[in-house]
Amino acid sequence: MQEKGRRQQALETPRAAGLAGVVFALLLAAAIVLVRLGIPEGADAVTAQGFTDSGRRNALRTALALVPFAGIFFLWFVGVVRAHVGDAEDKFLATVFLGSGLVFTATMSGAAAAAGAVLAVGHPTGAAPDLPAWDFGRHLAYTLMTGYAMRMAAVFVCSMSVIGHRLGVLPRWLSVLGFLTTLTLLFVSSSVPWAELVFPAWSLVLSVHILTASRRTRPPTAAST
């Protein structure tokens, strides 16, 4: 029994893993802001003259460097959330939750690749890229990010909110916040700039709640072990 208890304790989610959601939220928010700043919209987007600024190109390069790490920490974040829910999770909702998270990661990687293509078509001397290539890459990057990745994020948030509400692992206010985030990502993010930032904001709030809840429950667990 003691050996079994030691093995079970060794397999518990590391306390440091709870910070994965916080790191993911900060990295994703920074990447979204830098992409918005690096790939201009409005009049500059039509003429592609705004992309000749070296500051915007550097912002986009930084965003592309952050996206893979955001994806890695997001996978850790998914694991932490599932560990917080426990074995009582509904299999159907858990499958939707996990699947939407994986699709979100893949779609964000595709959006980053499209943004990298926009960066690649720029002339090395800083001249404006060709308009057809510029328009194609810019629209592809924003469509993948706001049209597809954020809708997968909406499914992710909605399934987590339903699981948390049914099992009582999330407070009522956090479930309501999740449903509001879902509606924003589904119907607003593709038409309102910067609306996609609600997803990392929700992830940050959820991560802080999980960290707080794990600190409250860890001492009794350790005592019982």
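The values are calculated or read from the model by the stated rules, or taken from the named source; none is laboratory data. What you are looking at is a predicted structure, and each value in this text was computed from that prediction instead of being measured. For neighbour counting, all protein chains shown are included, and Cβ atoms are generated from backbone atoms with ideal geometry for every residue, glycine included.
In this structure, does Leu66 turn out to be in a helix (DSSP H, G or I) and either at pLDDT 85 or above or under 14 Å from the mean Cα position of the chain (by Cα) (or both)?
Working: in a helix (DSSP H, G or I): yes; either at pLDDT 85 or above or under 14 Å from the mean Cα position of the chain (by Cα) (or both): yes.
Spelling it out, Leu66 is indeed in a helix (DSSP H, G or I) and either at pLDDT 85 or above or under 14 Å from the mean Cα position of the chain (by Cα) (or both).
When you scan segment 86-190 for helices (runs of 4 or more DSSP H) that lie fully inside it, which ones turn up with 1 or more residues that are at pLDDT 90 or above?
Once the helices (runs of 4 or more DSSP H) in segment 86-190 are filtered for at least 1 residues that are at pLDDT 90 or above, what remains is 91-120, 150-167, 172-187.
Tally the residues that are modelled with pLDDT under 75, surrounded by fewer than 17 Cβ atoms within 10 Å (Cβ to Cβ) and part of a helix (DSSP H, G or I), restricting the search to segment 28-51. Even if it seems obvious, please write down each step before you answer.
So the first thing to find is which residues in segment 28-51 are modelled with pLDDT under 75, and the list is 40-51.
Adding the requirement that they be surrounded by fewer than 17 Cβ atoms within 10 Å (Cβ to Cβ) leaves 41-44, 46-47, 49.
Restricting the remaining residues to those that are part of a helix (DSSP H, G or I) gives 43-44, 46-47, 49.
Of the residues in that region, 5 qualify.
For the subset of segment 175-216 comprising residues that are more than 22 Å from Leu27 (Cα to Cα) and either touching a residue at least 40 places away in the same chain (Cβ under 8 Å) or buried (at least 17 other Cβ atoms within 10 Å of the Cβ) (or both), which member is nearest to the chain's Cα centre (by Cα)?
Ser175
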